[in-house]
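The structure's right below; bear with me while I get my questions together.
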Amino acid sequence: MKQKKNNVVIIGGGIIGSLLALILGLNGFKVSIIDRQKKENFFSKSKSVKSYALNEGSCRLLSVLDLWDIVKKNSQPITKILLQQGSSISSIQPFELKFSADQKKSDHIFNMIEEIYLKKAIFEKIDKCSNIEFLYSSKVIEQKIDNFSSKLLLENGKIISSDLVVVSDGYPSSLAKEAKIKYFYHNYNQSSIVGIFKHKIPHESEAIQIFLPSGPLAILPLPGNRSSFVWTMKNNDANRIFKLSDLLFLKELNTALQNRRGKIEFESKINMFPISLAFSKRLVKEKFVIIGDTAHKIHPIAGQGLNLGIRDVAALAEVLILSRRLGEDIGSSLVLEKYSKWRNLDVLSVVFFTDFTNKFFSNENYLKKFSSGIIFKLLNNSKTIKKYFMKEASGLSGDVPKLLKGENI
């Protein structure tokens with residue numbers, strides 16, 4: 001059997017796993033990325049219909065890696081955010097909450113980027129880094145982890161030893177289960193339909209989120225007269241709407257959007273994902289750590305899932321790089337607990353915020369709707385609270401990793 005020894009093995013080659021690999025590889029670590037997908041699937045336009053709202057911290061990390069200038073030309077700044085409450089698809093309440101870039105002392109709040117452009121930029125950098133090997137179409141069939149090393153047996157017979165295994169293959173993860181990682185889990189009984197559409201009326205860099213009883217609808221601007229949408233609703237409603245013809249689907253979407261973008265038409269195929277809440281009770285074990293959606297799968301209501309994962313990457317990379325410079329065992333519990341303590345509070349606060357927001361603002365309870373309307377009004381009149389929310393959304397509050405500040409480790 002072929003055997004190889006690396007510093008770090010990363011299971012899952014999505015954006016989060018690949019970013020971590022790139023940072024470590026550029027800092028002298030020998031890294032293997034293992035992913036089940038074929039290489040061509042990573043760049044399939046039909047499979048990459050997601051778009052992400054990158055906050056300031058995430059953009060700074062990409063700048064340090066010389067990636068931001070590459071993806072910026074395909075990005076769209078968000079300078080305004082409008083939140084509204086609806087009692088039904090066709091009835092929007094007069095409660096509004098508005099955020100603008102000038103409240104953040106910046107020219108934008110978020111930057112929208114389509115998944116495919118972000119992946120391409122990261123993967124091109126990885127291909128040029130000699131410290132990283134990307135094993136596509138590969139599957140781990142056995143893992144043996146002890147206090148001295150970790151060994152992974154792949155389906156093709158190859159064995160990879162490493163000082164640390166990082167799991168970033170999403171939730172649920174068979175490797176996390178095998179490592180006896182326990183989760184708190186809640187099924188929202190909701191699904192999100194995502195896609196991209198063209199529209200006649202310019203979006204003027206404005207993002208819209210409408211809280212409907214069945215779930216939130218987010219309309220997010222992209223370059224040109226184009227927008228990404230994330231429409232979350234109860235499973236029965238989602239299954240019904242997802243099966244509609246394009247014409248009927250667009251009619252329902254435009255009704256929910258109150259025809260704000262004029263005539264709309266699909267640019268991409270739509271996709272549907274079940275929505276649930278899952279966060280791990282533990283992030284680390286000896287020689288083993290979980291990051292990204294493997295550690296915390298949250299509601300898409302605030303669009304912060306990727307930014308939360310990028311904060312994992314920045315914190316873990318900093319812990320590993322600094323520990324290695326001190327000659328410490330990067331896979332030891334002593335080192336990994338530094339990462340765990342650093343991330344726990346931030347993760348729990350985002351989990352609580354997204355869960356509370358979904359349950360409070362998207363419901364049919366009259367008293368809750370009345371209360372949330374009052375909250376909208378109070379927030380709209382408070383510059384201090386708005387500035388607080390803007391700072392939290394930027395990813396630059398609390399104990400911020402160096403990469404999110406735009407600094408090298």
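The values are calculated or read from the model by the stated rules, or taken from the named source; none is laboratory data. Note that the structure is a prediction, hence the values are computed from the model and not measured. Heads up, the Cβs are rebuilt from the backbone with ideal geometry, glycines too, and the neighbour counts pull from every protein chain shown. Surface areas here come from the heavy atoms of the whole protein model, side chains and all, with no ligands, DNA or RNA. Shrake-Rupley method; radii C 1.70, N 1.55, O 1.52, S 1.80 Å.
Which of the residues that make up region 53-97 are of a type in the set (A, V, I, L, M) and either modelled with pLDDT under 95 or not in a helix (DSSP H, G or I) (or both)? Step through it out loud before you land on a result.
Narrowing region 53-97 to residues of a type in the set (A, V, I, L, M): 53-54, 61-62, 64-65, 67, 70-71, 78, 81-83, 89, 92, 97.
If the condition is that a residue be of a type in the set (A, V, I, L, M) and either modelled with pLDDT under 95 or not in a helix (DSSP H, G or I) (or both), then Ala53, Leu54, Leu65, Leu67, Ile78, Ile81, Leu82, Leu83, Ile89, Ile92, Leu97 are the ones that fit.
Right, here's the next one. Please identify the pairs in which a residue from region 326-337 that is of a type outside the set (Ser, Thr, Tyr) has its Cβ atom under 6 Å from the Cβ atom of a residue that is part of a helix (DSSP H, G or I), counting only partners at least 6 apart or on another chain.
Going by the 6 Å Cβ cut-off, the qualifying pairs are Glu328/Val335; Ile330/Leu320; Ile330/Ser323; Ile330/Arg324; Val335/Ser323.
Please go through region 278-290 and give me each residue that is in contact with a Phe, Trp or Tyr (Cβ under 9 Å, 6 or more places away or on another chain) and either buried (at least 18 other Cβ atoms within 10 Å of the Cβ) or assigned to a strand (DSSP E or B) (or both), ordered by number. Don't jump to the end; show me each part of the working.
Restricting attention to region 278-290, the residues satisfying the condition of being in contact with a Phe, Trp or Tyr (Cβ under 9 Å, 6 or more places away or on another chain) are 278-281, 283-284, 287, 289.
Answer for region 278-290, where residues must be in contact with a Phe, Trp or Tyr (Cβ under 9 Å, 6 or more places away or on another chain) and either buried (at least 18 other Cβ atoms within 10 Å of the Cβ) or assigned to a strand (DSSP E or B) (or both): Ala278, Phe279, Ser280, Leu283, Val284, Lys287, Val289.
What do you reckon, is Thr354 open to solvent by 10 Å² or more (accessible area, probe 1.4 Å), of a type in the set (S, T, N, Q) and at pLDDT below 95? Give the derivation first.
Working: open to solvent by 10 Å² or more (accessible area, probe 1.4 Å): no; of a type in the set (S, T, N, Q): yes; at pLDDT below 95: yes.
So Thr354 fails the test.
Can you tell me which residues in region 130-148 are surrounded by 15 or more Cβ atoms within 10 Å (Cβ to Cβ) and either farther than 12 Å from Val165 by Cβ or under 24 Å from the mean Cα position of the chain (by Cα) (or both)? Walk me through it before giving the result.
Start the filter on region 130-148 by keeping residues that are surrounded by 15 or more Cβ atoms within 10 Å (Cβ to Cβ), which leaves 131-136, 138, 140, 143, 145.
Once the filter is applied, which keeps residues that are surrounded by 15 or more Cβ atoms within 10 Å (Cβ to Cβ) and either farther than 12 Å from Val165 by Cβ or under 24 Å from the mean Cα position of the chain (by Cα) (or both), region 130-148 yields Asn131, Ile132, Glu133, Phe134, Leu135, Tyr136, Ser138.
If the requirement is being over 22 Å from Gly25 (Cβ atoms), surrounded by 15 or more Cβ atoms within 10 Å (Cβ to Cβ) and not aliphatic (A, V, I, L, M), which of these qualifies: Tyr183, Tyr117? Lay out the reasoning, then the answer.
Working: Tyr117 fails: over 22 Å from Gly25 (Cβ atoms).
Exactly one residue qualifies, and that residue is Tyr183.
May I pose another question? I need a count of the residues in region 12-59 that are open to solvent by 10 Å² or more (accessible area, probe 1.4 Å) and not small (Gly, Ala, Ser).
Looking only at that region, the number is 19.
Looking only at region 246-277, filter to residues that are out of contact with any Gly (no Cβ under 9 Å at 6 or more places or on another chain), in a strand (DSSP E or B) and not aliphatic (A, V, I, L, M); which one of those is surrounded by the most Cβ atoms within 10 Å (Cβ to Cβ)?
This residue is Ser276.
If I ask for residues that are at pLDDT 95 or above and within 21 Å of Ile196 (Cβ to Cβ), which ones from region 1-50 would you list?
Gly14, Ile15 - these are the residues of region 1-50 that are at pLDDT 95 or above and within 21 Å of Ile196 (Cβ to Cβ).
Could you check, for region 100-111, whether at least one of its residues is at pLDDT 90 or above, in contact with a Pro (Cβ under 6 Å, 6 or more places away or on another chain) and within 28 Å of Leu403 (Cα to Cα)? Before you say what the answer is, go through the steps one by one.
At the first step, the residues of region 100-111 found to be at pLDDT 90 or above are 109-111.
Imposing the further condition that a residue be in contact with a Pro (Cβ under 6 Å, 6 or more places away or on another chain) reduces the set to 111.
Next, only the ones that are within 28 Å of Leu403 (Cα to Cα) stay: 111.
Checked against the condition, which is being at pLDDT 90 or above, in contact with a Pro (Cβ under 6 Å, 6 or more places away or on another chain) and within 28 Å of Leu403 (Cα to Cα), region 100-111 yields at least one hit.
Here is a follow-up. Six or more apart or on different chains, Cβ atoms under 6 Å: show the pairs whose first residue is in region 126-142 and more than 13 Å from Asn156 (Cβ to Cβ) and whose second is charged (D, E, K, R) and buried (at least 18 other Cβ atoms within 10 Å of the Cβ).
Qualifying pairs under 6 Å: Asn131/Lys30.
Taking Leu253 as the residue in question, decide whether it is at pLDDT below 95 and either within 30 Å of Ser149 (Cβ to Cβ) or under 26 Å from the mean Cα position of the chain (by Cα) (or both).
no
Oh, and also: Going residue by residue through region 187-210, is there one that turns out to be in a strand (DSSP E or B), in contact with a Phe, Trp or Tyr (Cβ under 7 Å, 6 or more places away or on another chain) and over 28 Å from Ala278 (Cβ atoms)?
Checked against the condition, which is being in a strand (DSSP E or B), in contact with a Phe, Trp or Tyr (Cβ under 7 Å, 6 or more places away or on another chain) and over 28 Å from Ala278 (Cβ atoms), region 187-210 yields at least one hit.
So Glu204 fits all but one of (1) in contact with a Leu (Cβ under 8 Å, 6 or more places away or on another chain); (2) at pLDDT 95 or above; what number is the exception?
It fails just one condition, (1).
If you go through region 211-231, how many residues are of a type in the set (Gly, Ala, Ser), part of a loop (DSSP other than H, G, I, E, B) and out of contact with any Asp or Glu (no Cβ under 8 Å at 6 or more places or on another chain)?
Step one: of region 211-231, the residues of a type in the set (Gly, Ala, Ser) are 214-215, 218, 224, 227-228.
Remaining after also requiring part of a loop (DSSP other than H, G, I, E, B): 214, 224.
Those left that are additionally out of contact with any Asp or Glu (no Cβ under 8 Å at 6 or more places or on another chain): 224.
So the answer is 1.
Can you list residue pairs whose Cβ atoms sit under 7 Å apart, with the first residue in region 280-306 being closer than 15 Å to Pro172 by Cα and at pLDDT 95 or above and the second being acidic (Asp, Glu) and surrounded by 24 or more Cβ atoms within 10 Å (Cβ to Cβ)? Count only pairs 6 or more apart in sequence or on different chains.
These pairs meet every condition: Ile291/Asp312; Gly292/Asp312; Thr294/Asp169; Ala295/Asp312.
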